Amino acid sequence: MSRPVRVVEVIARMNVGGPAILLASMQQRLDPASFDVRLLTGYCADDEADYLETMAPHVPVERIDGLGRSIRPGSDVAKVRLLAERFRQLRPDIIHTHTAKAGVVGRVAAKLARVDARLVHTYHGHLLHGYFSPTKTKGVVAIERALARVTDRLVAVAPGVRDDLLAAHVGRAGQYRVIGPGVELLPLAGREEARTALGLPFDAPVISMIGRLTGIKRPDRFAEAAALVHARRPDAVFAVAGAGDRESDLRSRVSGLPVTLLGWRSDVETVLAASDVVVLTSDNEGTPLSLIQAGLAGLPVVATDVGAVRDVVEDGVTGNLCGADSLAVADAICGILDDPATARRMGGAAQRLMAERFSMASMIRAHEALYEELAGRS
């Protein structure tokens, strides 16, 4: 019997979000008889919640100090050398990097280590829009083009992410595999029980936002939309589950509005059980986990039509897509609140479609097939 394929997963940090959930799930669910998976990661910043600490403390991990979010050229060079030495010790068959910084540091370290490993990199979002200035974006594109030439497979979490990268001439079509996230929900609490736990009224429509409170997510847009909705529907209340560097700004913007800031929640099912609509106001997205979770919970969504959101939300079927401005978001929310029959229909359609498209089992099978292919065992 051949030994398990040794896979080393590298990510800068395991902050709460889609990439962390995907990696923790793979660590636990890839067949241990076929795959020996090691997870290397750094530490989260002070304004971030660490997924491993808050939700998955049982997942084995090796921490690399300094591998986190911030880019520090001198320190990052040292991390390249440290990772290269670790790769030589682990002797992996496959090195799989995730997100932008780890994708650069990890792949450069792999080439420096001269290990006989196949390289895979996953793009978890549209990194070419909304994250960097135009000048920096050109530099990012140039780096990604160069790294793609030494990478065996490029994974995109949605067709739109792949197409965005191909349009920028990052990699070749044949290098790409599209593997969507696998998402599961624990059983939902009862509506009144959930609202009691969160301090929300029983008889009010609840509009929720779930995710990091950082610039690209545009919590300021959510605050503006909440004010517009409140003027039309004073019975509606809002809940925000998340934290980040824009939390204090959001708190000041929603002062005087019926908005409850819940902070990080490990029980997203409680937030979903208490909600009537889930909203996403981002400038850019890959495959937004919060919208998949909302769909699995049978909730309609409102989302800005950006990035790969259309790969998750069917406009008018599972929710409303809208322009990236606060008035458009408010109109889309009110459209759902004012038509309960359509809201129920959207929620039912979302539940069916999300279960079909984003099952955990299919995500795990896709990664196993990719690793077996690269290891020559398919």
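For (1) of a type in the set (Gly, Ala, Ser); (2) farther than 23 Å from Gly68 by Cα; (3) within 22 Å of the chain's Cα centre (by Cα); (4) assigned to a strand (DSSP E or B), each residue gets a yes or a no:
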site: His121; (1), (2), (3), (4): no, no, yes, yes
site: Ala146; (1), (2), (3), (4): yes, no, no, no
site: Asp164; (1), (2), (3), (4): no, yes, yes, no
site: Val170; (1), (2), (3), (4): no, yes, yes, no
site: Leu188; (1), (2), (3), (4): no, yes, yes, no
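Condition first: in a loop (DSSP other than H, G, I, E, B) and within 21 Å of the chain's Cα centre (by Cα). Now tell me which residues in the stretch 225-280 satisfy that.
Gly242, Ala243, Gly244, Asp245, Arg246, Trp264, Arg265, Ser266, Asp267, Ser275
Can you say whether Leu200 is of a type outside the set (Lys, Arg), in the same structural domain as Ser282 (by TED's automatic domain parsing), part of a loop (DSSP other than H, G, I, E, B) and in contact (Cβ under 8 Å) with a residue 12 or more places away in the chain, as far as the supplied structure shows?
yes
Can we say Leu112 is surrounded by fewer than 16 Cβ atoms within 10 Å (Cβ to Cβ), of a type outside the set (Lys, Arg), outside any loop (DSSP other than H, G, I, E, B) and not assigned by TED's automatic domain parsing to the domain that holds Glu247?
yes
Can you tell me which residue within the stretch 202-225, out of those that are among the small types (Gly, Ala, Ser) and closer than 16 Å to Leu327 by Cα, is surrounded by the fewest Cβ atoms within 10 Å (Cβ to Cβ)?
In this case the residue turns out to be Ala223.
Mind checking which strands (runs of 3 or more DSSP E) fall wholly inside the stretch 1-104 and carry at least 3 residues that are touching a Cys at 6+ places or on another chain (Cβ under 7 Å)?
Ranges flagged: none.
Does Pro92 satisfy the condition of being of a type outside the set (D, E, K, R) and without any contact (Cβ under 8 Å) to a residue 12 or more places away in the chain?
no
Please list, ordered by first then second residue, the pairs with beta carbon atoms under 6 Å, 6 or more apart or interchain, first in the stretch 293-305 and not assigned by TED's automatic domain parsing to the domain that holds Ser275 and surrounded by 24 or more Cβ atoms within 10 Å (Cβ to Cβ), second of a type in the set (Val, Ile, Thr) and at pLDDT below 95.
Hits for this filter: zero, empty list.
Given (1) outside any loop (DSSP other than H, G, I, E, B); (2) over 23 Å from the mean Cα position of the chain (by Cα); (3) in contact (Cβ under 8 Å) with a residue 24 or more places away in the chain, identify the lone condition not met by Gly174.
Of the numbered conditions (1) outside any loop (DSSP other than H, G, I, E, B); (2) over 23 Å from the mean Cα position of the chain (by Cα); (3) in contact (Cβ under 8 Å) with a residue 24 or more places away in the chain, the odd one out for Gly174 is (3).
The values are calculated or read from the model by the stated rules, or taken from the named source; none is laboratory data. Note that the structure is predicted; figures quoted are calculated from it, not measured. With ideal geometry, Cβ positions are generated from the backbone for all residues, glycine too; neighbour counts draw on all protein chains shown.
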